[in-house]
Every structure is written in structure tokens, then in C-alpha cells.
Amino acid sequence: MSTLTVLNPATEQPIAQLPQADMAETDAAVARAKVAFPAWRAVAPVDRSRLLRRLATLVEEHADELARIESQNVGKPIAGARAEVGMVANVFHFYAGAVEKHYGETIPVAGGIDMTFREPLGVVGLIVPWNFPLNISSWKLGPALACGNTVVLKPAELTPLSALRLAELALEAGIPEGVVNVLVGKGSVVGQRLVEHEDVAKIGFTGSTEVGREVMRGAANTIKRVTLELGGKSANVVFEDADLERAAAAAPYAVFDNAGQDCCARSRILVQRSVYDRFAELLIDATRGVRVGDPEDEQTEMGPLISAQHRESVASFVDGNVLFRGDAPTGAGFWFPCTLVEATNDDRIAREEVFGPVAALIPFEDEAEAIRVANDTPYGLSGSIWTKDVGRALRVSRALETGVLSVNSNSSVRHSTPFGGFRQSGFGRELGMHALEGYSEVKNVYVATDT
Ligand code: NDP
């Protein structure tokens, strides 16, 4: 059996060695999940709810441990990692509450009674990336388990540790053996096998648009259900009537949070030309203030990138007009400084997802141009609009072709609201009640009463 060495990206030191699953082990995990399915779907909703509630509580009780694991494995600042664990607990609390609130309808028809049921899908495969391993695992596990599915979860090879610990907590919570299975292994082996496996009913995937295409192709043979959360190239649109100080103070955290390794990163900062110079000054000042360094330090706001290979990829984007380059540690660790670049929307840096702490500043003349440029991208995941004019905020919100928007805020993700993309950012929604649609089928039953 081959082994996997897991690194801390802030030190480049190994923190774990794990056996890697192969095809046979993937098949065995799917078989375990299939065996566990009938009993799990039959658990009374009130009891399934209690088990998820217990898992949420265990996550809270182990918050420090989980945050430390995530911080060491991903290079996340510890304070941010703790906040992410808080969200994980909230996600499980939410879906504990949702189990008994997700039900069918009765529909008026002639000659009988018509009703719908929400049925679980069966075994679902959950494929998760390395940037928010624990959070994204919970976004998929919560609704999948709430609907009565059993799961095989594949974390990214680079960051498997928190998912393994979460699976132990699920067992401790009393979720029966076989319901939650975690496989550590390569995407091209374990991931692909899950996608093609005839006993897997659905794939919930988060990752790159490129692999998302492969997942769609692979799922076609078995007509598998697929939801895809993919890349983004979102716009942060600052109008001349905005509170510029507030917009500039927030903008760095809309790109540099998680070292820019965030599908929601507002990495195109669109600024109305009349306030462009003033905003750029404020933005540079705010970016200078981002504290980059040791993830274990409570004050740190940005850690390293995930790997040497990824750092090379991020660096390849910075060849234009650099407005600002911040400081970053030297020596061990995959560090990269906060970087602001002046660009046009046709430049590579504005077209492709960098997935690092690099933002492109792009001027625009008026509202119509702002909308045109913001929408001129293959993606459509998130975005922000900064203005004091409510009419403009609503007009532009409706005009932007993106799944998640915030006005005068950077916020993208809440446990109770739908999250997902338009266009090549994917389809299907995570979080909130909407996610339950992706983990259940609607069954319609008609009962004749005129017999
Ligand atoms: P990848 O798409 O390479 O990987 C995502 C997951 O898919 C990993 O678990 C990976 O496994 C697995 N995988 C890789 N190849 C296959 C395959 N052929 N079949 C099935 N599964 C496979 O993305 P990264 O992990 O490199 O993450 C970065 C990218 O993900 C960025 O481009 C970003 O935009 C996107 N992303 C999108 C998010 C969203 O919510 N929209 C959130 C986070 C990231 P392994 O790595 O172990 O090989």
C-alpha cells in the first residue's frame, strides 16, 4: 500500500504519514456505505436530527483541536481556523434542525390525492478541495446525512487530516458505522472511481472548473446526479458614491483571506474612474496592514500558500503593472506577499483564477460599463457592490450574473443561505434549505379516491 506524507505549508515539515486508498478500497468503502444505507434511511427523523445535533456539539467541544489540525495542515491563521470550526458546528446544528422540516406537499388533482415525498439518493460521493477542507466537508455532509444518504468523503490529498477527525467524531456522536466513510487517496484514483462507480448515486464536488468538467463527463455513463462548486473570478465593484474608506478597508480581506485561495475571492476590483486614484491609495494602505506570518500567532491574518507548485502558479500571474507588493516571511514555507496589480479586464490576471493573494484593479466609467465588465468572465460565483444608492444597489444586483452577492460587505457564506455559482462556476446550491434539494429526489404518489 502506498503512503502519503502530509506537510505543514508554513514549515514544509511532515505532520502525518497516511496509507493511501486504491480502487479496491474505494469499492470496499462504497460497499460499506451501501450496506449501511437501508438502516440509516429508516432512522426516525427525530433521531437523525439528534445524531446530527450531537455531532455539532462534539465539533464545538473539539473546536481547538480541529482548528489546530486545520491550521497546521492548510497554513490557516489559527484565529480564522477557529472561526471556520464555529461555522462547521453551525452547519450541523442547521441540518439537525432541517431533518424534520424537509417534507413533501399535497397537490390538488382530480379523482384522488396527490402527494410528494423527499427520498434519499443512496450512497453519495463527496469530493472536497484543500482550501477549506473541514468547512466544505460539512457543507456536503450536513445535507447528505440529513436527507438519509450514506457517504464516501474524499478530502484532497494535501489536506486529509480534519476530515479523518470529523469521521471519528461522527462515530462518537452515534452515527452508525458505514454511514460516513472517509478515503484518503488521489483524485485520479479514488475521486475518479467514485465518479464512475455504479453504486454511487450522486457526486457533490468542489474544486477546479477543469476537474469539474471531468466529473461531469465521468458521471454521464451512470446518469449520476452531480453538483459542482467550481472556480470564480468575482468582481468587487466600487462606485463613486460608496463609503470609500469602508470599501477600501474591506477589499483586502475579500481577496487575501485564506491567502487568496478562495473561490469567492473578489480578485477583480472594479473602481469608478472618478474615485480611482483616491481608492487605490486607501487600498494600498489597507493592504499594507494585512498581517502575514506564523499561522500559530493569534494576530496573523494571512498564512502561506498550500504548496510550492501552487506558489509557482500564483507567481506566474504577476508580470504586469504592480501597484503594491507586501512583505512575507522568507525561508521555509510557501509564502507569497499580498500583491495589487493594475490591469484591464482582458489581461490574463483578470480572466483566470489566480487562487492566491493577487488582486487586479480595473477602472470603469459608469454603471453600464461596471455591469458589462463584471459580467465579462466565464465565471459567476460571488461579488460585491459598494454604493450608498439603494436603487443602484438593487439594479446592479439584478444585472450581475453571479450566484452570491453582497452589498457594502464582503460576506459570501452563511450556514443558512444558499451558496453556489452561475455559468462555469458550477451548479447546484450548498448550505441553507436549498442544499437539501441536491441530496434528495422528489417522488410523486397519486392515490385514486374514486374507487
Ligand atoms: P482540484 O479540482 O484539482 O481538486 C478538487 C478535488 O477533486 C480534490 O479532492 C482532488 O483530489 C479531486 N480530484 C482531482 N482529480 C479528480 C478526478 N479526475 N476525479 C475526481 N476527483 C478528482 O482543485 P484543487 O484542490 O487544486 O483546488 C483549487 C481549485 O478548486 C481552484 O481552482 C478553485 O477555484 C476551486 N475551488 C472552488 C471552490 C468553490 O466552492 N467553488 C472552493 C474551493 C476550491 P486530489 O487533490 O487528492 O488529487
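Summary table
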quantity: Using a Förster distance of 51 Å, the FRET efficiency for Ala83-Thr449 (Cβ separation, nearest 0.05); calculated: 0.40
quantity: Stretchable slack from Ala39 to Ile113, in nm (0.36 nm times residue separation minus alpha-carbon distance); calculated: 23.7 nm
quantity: Low-density loop positions, trypsin sites (Lys or Arg not before Pro), the stretch 350-451 - DSSP coil, at most 12 other Cβ in 10 Å; calculated: Lys388
quantity: Structure-based [θ]222 nm, the chain - -39500 (n - 2.57) summed over DSSP H runs of at least 4, per residue, nearest 500; calculated: -11500 deg cm²/dmol
quantity: Antiparallel bridge percentage (DSSP; both residues within the chain; nearest 5); calculated: 40 percent
quantity: Kirkwood Rh and Cα Rg combined as Rg/Rh, the stretch 1-146; calculated: 1.08
quantity: Cα-based equivalent ellipsoid, the stretch 111-248: semi-axes from gyration tensor eigenvalues, Å; calculated: 30, 22, 19
quantity: Estimated vicinal HN-Hα couplings, Hz - the stretch 282-292 in sequence order (Karplus 6.51, -1.76, 1.60; Gly, Pro = x); calculated: 4, 5, 4, 4, 5, 5, 4, x, 5, 8, 9
quantity: Where chymotrypsin sites (Phe, Trp or Tyr not before Pro) fall in DSSP loop in the stretch 79-130, at most 14 other Cβ within 10 Å; calculated: Tyr103
quantity: Angle in degrees between helix 244-255 and the longest Cα principal axis of the chain, rounded to the nearest 10; calculated: 50 degrees
quantity: Rough spin-label spacing in nm, given labels placed 7 Å along Cα→Cβ, for Glu210 and Ser409; calculated: 3.5 nm
quantity: Neighbourhood charge, 9 Å Cβ-Cβ cut-off, centred on Val128 and excluding it, Lys, Arg +1 and Asp, Glu -1; calculated: +2
quantity: Length added when fully stretched, Leu164-Asp366, from 0.36 nm per residue minus Cα-Cα; calculated: 67.7 nm
quantity: Cα-based reach from Lys101 at 29 Å (exclusive), listing lysines while leaving out same-chain residues under 8 positions away; calculated: Lys34, Lys140, Lys154, Lys202, Lys224, Lys443
quantity: Table column - 3J(HN,Hα) (Hz), the stretch 435-446, Karplus curve with 6.51, -1.76, 1.60, x for Gly and Pro; calculated: 4, 5, 4, x, 10, 8, 10, 8, 10, 10, 10, 10
quantity: Principal-axis tilt of helix 133-146 within the chain, Cα atoms, nearest 10 degrees; calculated: 30 degrees
quantity: Label-point separation, Glu441 to Glu60 (7 Å along Cα→Cβ), nm; calculated: 3.7 nm
quantity: Pairwise FRET efficiency - Ala24 versus Ser307, Cβ, R0 = 30 Å, nearest 0.05; calculated: 0.60
quantity: Pairwise label distance in nanometres, Tyr253 with Glu172, each label 7 Å out on the Cα-Cβ vector; calculated: 3.1 nm
quantity: Selection of trypsin sites (Lys or Arg not before Pro), the stretch 264-297, meeting DSSP coil and at most 13 other Cβ within 10 Å; calculated: Arg291
quantity: Amide H contacts of Gly380 (H built 1.01 Å from N, under 5 Å, at least 5 apart or other chain); calculated: Lys233, Phe422, Gln424, Ser425
quantity: Residue-wise HN-Hα coupling along the stretch 361-368, computed from phi with Karplus coefficients 6.51, -1.76, 1.60 (Hz; x: Gly, Pro); calculated: 9, 9, x, 9, 8, 8, 4, 4
quantity: Square roots of five times the Cα gyration tensor eigenvalues for the chain, Å; calculated: 38, 28, 19
quantity: Net +/- balance of residues flanking His62 in space, Cβ distance below 11 Å, scoring K and R +1, D and E -1; calculated: -4
quantity: Local electrostatic count at Phe336 - Lys and Arg +1, Asp and Glu -1, tallied over other residues with Cβ under 13 Å; calculated: 0
quantity: Unit charges on C-beta of K, R, D, E only; dipole of the chain, Debye; calculated: 920 debye
quantity: Residues whose placed amide H lies under 5 Å from that of Leu361, excluding near-sequence neighbours; calculated: Ile269, Val341, Glu342, Ala343
quantity: Hydrodynamic radius (Kirkwood) for the stretch 84-176, which is based on Cα pairs only, to one decimal in Å; calculated: 14.8 Å
quantity: Equivalent ellipsoid, the stretch 307-401 (semi-axes from 5 times Cα gyration tensor eigenvalues, Å); calculated: 30, 13, 13
quantity: Rounded to 10°, Cα long-axis angle of helix 390-399 versus longest principal axis of the chain; calculated: 60 degrees
quantity: Efficiency of FRET from Cβ geometry, Arg325 and Ala220, R₀ 56 Å, rounded to 0.05; calculated: 0.80
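Any read-out appearing in this document is the output of simple, stated calculations on the displayed coordinates, not a laboratory observation. Quick caveat, the model's predicted, so the values are computed rather than measured. Cβ coordinates were reconstructed from backbone atoms using ideal geometry, including for glycine residues, and neighbour counts include every protein chain displayed.
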